[in-house]
Amino acid sequence: MSFETVTIRDCTLIRGDCLAVLPTLAVGSVDCAVTDPPYGMSFQSNRRREMQDKIQADDGYEMFDFACQIEAKHSRYVFGRWNNLSRCTPASVITWVKNNWSMGDLNHEHARQTELVLFWPGVQHSWPYSRPTDVVFAPRSGNDLHPAEKSVALMRRVVSWTAGTVFDPFMGVASTGVACVHLGRKFIGIEIEKRYFDIACKRIERAYEDTALLDYGVAVRESQEELFDST
């Protein structure tokens, strides 16, 4: 089975169904998984209904369960929400504190200003820098390009907790990939929707173009120092 594959320096972007693509990847290629799968919300933004489609496979838990079982040598980070915790047993639950709140049920829920990131260590896990806390403060993206888009600032923080090649089977518009470019990391991403895949390719290309305007090694070092000076 063939898939559309685009390689941009250290980033490999694949368009296809991750359930079909993953078995074709080289054994041992997944050092760490950092991903935001559909997790059973049946979400579609009312604000952008004309611009953005409903997220595929978000009416069940198959993709979330798949993400939680990816074998990664160093670590696995999977975004979710409170009611996903009954389906898995992570080693840690990180709380992402946003600069705004989600809409949700306006009548019968507290306004949510947080989201969860679930963590599992792999057999080769160790902290690349100092041991991080289980609370991370980072802004939302605004969801202009994707209904569940994560900010690059947030994904830079999560990627900094990992080591090796970063794998994201639910790449979306590649915020995780852009974070990897900023941090000098290799990235493999999969996205099933052509619309988002094309945006992801353009964002990765632009991220490399932006870093090319600076000394690349200096840019990566300063990016890492900025993350850990703020802890």
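Under 9 Å between Cβ atoms, which residue pairs at least 6 apart in sequence (or on different chains) link something in region 172-189 that is free of Cβ contacts under 8 Å to residues at least 40 places away in the same chain and closer than 12 Å to E149 by Cα with a partner that is part of a loop (DSSP other than H, G, I, E, B) and of a type outside the set (G, A, S)?
Hits for this filter: V173/L145; V173/H146; V173/E149; S175/D36; S175/L145; S175/H146; S175/E149; S175/K150.
Looking at region 154-164, is at least one residue touching a helix residue (DSSP H, G or I) at 6+ places or on another chain (Cβ under 9 Å), within 19 Å of L22 (Cβ to Cβ) and at pLDDT 95 or above?
Just the residues of region 154-164 that are touching a helix residue (DSSP H, G or I) at 6+ places or on another chain (Cβ under 9 Å), to begin with: 154-160.
Right, trim to within 19 Å of L22 (Cβ to Cβ) and you get none.
Checked against the condition, which is being touching a helix residue (DSSP H, G or I) at 6+ places or on another chain (Cβ under 9 Å), within 19 Å of L22 (Cβ to Cβ) and at pLDDT 95 or above, region 154-164 yields no hits at all.
Which ones in region 10-25 are β-branched (V, I, T) and touching a strand residue (DSSP E or B) at 6+ places or on another chain (Cβ under 8 Å)? Let's see the steps before the verdict.
Taking region 10-25 as the starting set, the residues that turn out to be β-branched (V, I, T) are 12, 14, 21, 24.
Selection gives T12, I14, V21.
Can you list the strands (runs of 3 or more DSSP E) found entirely within region 108-172 that contain at least 1 residues being more than 12 Å from R76 (Cα to Cα) and not β-branched (V, I, T)? Steps first, please.
Values: elements: 114-121, 135-137, 166-168.
Output list reads 114-121, 135-137.
Could you please tell me which pairs satisfy a Cβ distance under 8 Å, a separation of 6+ or placement on different chains, a first residue in region 87-116 that is on the phi > 0 side of the Ramachandran plot, and a second residue that is assigned to a loop (DSSP other than H, G, I, E, B) and at pLDDT below 90?
Close Cβ pairs satisfying both conditions: G104/A111; G104/R112.
Out of all the residues in region 139-147, is one or more in contact with an Asp or Glu (Cβ under 6 Å, 6 or more places away or on another chain), under 17 Å from T12 (Cα atoms) and buried (at least 18 other Cβ atoms within 10 Å of the Cβ)? Give the derivation first.
Filtering region 139-147 down to residues in contact with an Asp or Glu (Cβ under 6 Å, 6 or more places away or on another chain) leaves 141, 143.
Keeping just the survivors that are under 17 Å from T12 (Cα atoms) gives none.
The answer is no, given that none of the residues of region 139-147 is in contact with an Asp or Glu (Cβ under 6 Å, 6 or more places away or on another chain), under 17 Å from T12 (Cα atoms) and buried (at least 18 other Cβ atoms within 10 Å of the Cβ).
Inside region 4-104, counting only strands (runs of 3 or more DSSP E) that do not spill past its ends, which hold 3 or more residues that are modelled with pLDDT of 65 or more and out of contact with any Ser or Thr (no Cβ under 9 Å at 6 or more places or on another chain)? Quick ask: steps written out before the conclusion?
Details: elements: 4-8, 11-15, 32-35, 75-80, 92-97.
Correct list: 4-8.
The values are calculated or read from the model by the stated rules, or taken from the named source; none is laboratory data. Predicted model, so just to flag it, every value in this text is computed and none were measured. So basically every Cβ, Gly included, is an ideal-geometry build from the backbone, and we count neighbours across all protein chains shown.
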